[in-house]
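The values are calculated or read from the model by the stated rules, or taken from the named source; none is laboratory data. Here the structure is a predicted model, which is why all the values come from computation and not from measurement. Cβ coordinates were reconstructed from backbone atoms using ideal geometry, including for glycine residues, and neighbour counts include every protein chain displayed.
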Amino acid sequence: MAVAFACLALAACTTAANPPSHAGVGSGGASGGQSGMMGGFGGGMMGSFPNGYHLSSLTCSAPSHLPGTTVYAMVGDRGMTSMMAGDALVSEHMMLRAVPAQVPAGQVSFVVGNMGWRNHELVVLPLGPGHYTGERVAGADGKVDESGSLGEASASCAAGRGGGIQAGSVGWVTLNLPPGRDELVCNLPNHYADGMHQLLILTA
């Protein structure tokens, strides 16, 4: 797994150093120049992918031309198999990495690639003054309060809201976001507590 990870990271860094701002996400096959981790999921994103995490091949693509600025989010999990079922435990290792982490306010298109075994999603929640990522408290259902949500990508191989982005699938959404600070989260049961959150800054 470590060797495969190193090879993928090297390939991504050498072939996608400057991916197009609206590049689509291809399949995980070996053929094709913008496949697998390419088209926004290569380069720096691969370099930040933690060791030990599962790498599913992406089997569908977002549209090649999405409105506004594109933010690519990679979601995943570690130490699990395709046989895992039910809600995640609080102690499991999960990740959410989004780039760039600072974009102009206005139209922002999120393209979310699920590299893990479990379903994941991306929900955009406003972050008020004096508040920080990771401090939300989950309820008994393992989810944080989504009041004031600005939108989400949670459909497999489709735009907008759905039942969760399945392993190896891509979901996307275009939102009109005001200047400020938002928290990108996966709000499936216990995923937030397991580390799936990141700050996004929107500049005026």
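Looking only at region 139-154, filter to residues that are among the hydroxyl-bearing types (Ser, Thr, Tyr) and under 8 Å from Val123 (Cβ atoms); which one of those is nearest to the chain's Cα centre (by Cα)? Break it down into steps so the answer makes sense when it comes.
Applying the first criterion (among the hydroxyl-bearing types (Ser, Thr, Tyr)) to region 139-154 yields 147, 149, 154.
Adding the requirement that they be under 8 Å from Val123 (Cβ atoms) leaves 149, 154.
Numbers: Ser149: 17, Ser154: 10 Å.
Checking each candidate, the answer is Ser154.
Show the residue pairs meeting these rules: Cβ distance below 7 Å; 6+ apart or different chains; first residue within region 96-120 and over 18 Å from Ala158 (Cα atoms) and crowded, with 18+ Cβ neighbours inside 10 Å; second residue modelled with pLDDT of 95 or more and of a type in the set (Ser, Thr, Tyr). Matching pairs, first to second residue: Ala98/Tyr72; Val99/Tyr72; Val103/Thr69.
Against the definition (in a loop (DSSP other than H, G, I, E, B), at pLDDT below 95 and hydroxyl-bearing (Ser, Thr, Tyr)), how does Thr81 come out, yes or no? For Thr81, the condition - in a loop (DSSP other than H, G, I, E, B), at pLDDT below 95 and hydroxyl-bearing (Ser, Thr, Tyr) - is met. Among the criteria (1) part of a loop (DSSP other than H, G, I, E, B); (2) farther than 19 Å from Arg181 by Cα; (3) under 17 Å from the mean Cα position of the chain (by Cα), the one Gly134 does not fulfil is (2). Restricting region 188-199 to residues that are over 12 Å from the mean Cα position of the chain (by Cα) and over 17 Å from Gly130 (Cβ atoms) leaves a set whose member that is surrounded by the most Cβ atoms within 10 Å (Cβ to Cβ) is His191.
Answer yes or no: is there a residue in region 119-127 that is in a loop (DSSP other than H, G, I, E, B) and within 16 Å of the chain's Cα centre (by Cα). Yes: region 119-127 contains one or more residues that are in a loop (DSSP other than H, G, I, E, B) and within 16 Å of the chain's Cα centre (by Cα). Among the residues of region 155-162, are any touching a Gly at 6+ places or on another chain (Cβ under 8 Å), crowded, with 22+ Cβ neighbours inside 10 Å and in a strand (DSSP E or B)? No; the residues of region 155-162 include none that is touching a Gly at 6+ places or on another chain (Cβ under 8 Å), crowded, with 22+ Cβ neighbours inside 10 Å and in a strand (DSSP E or B).
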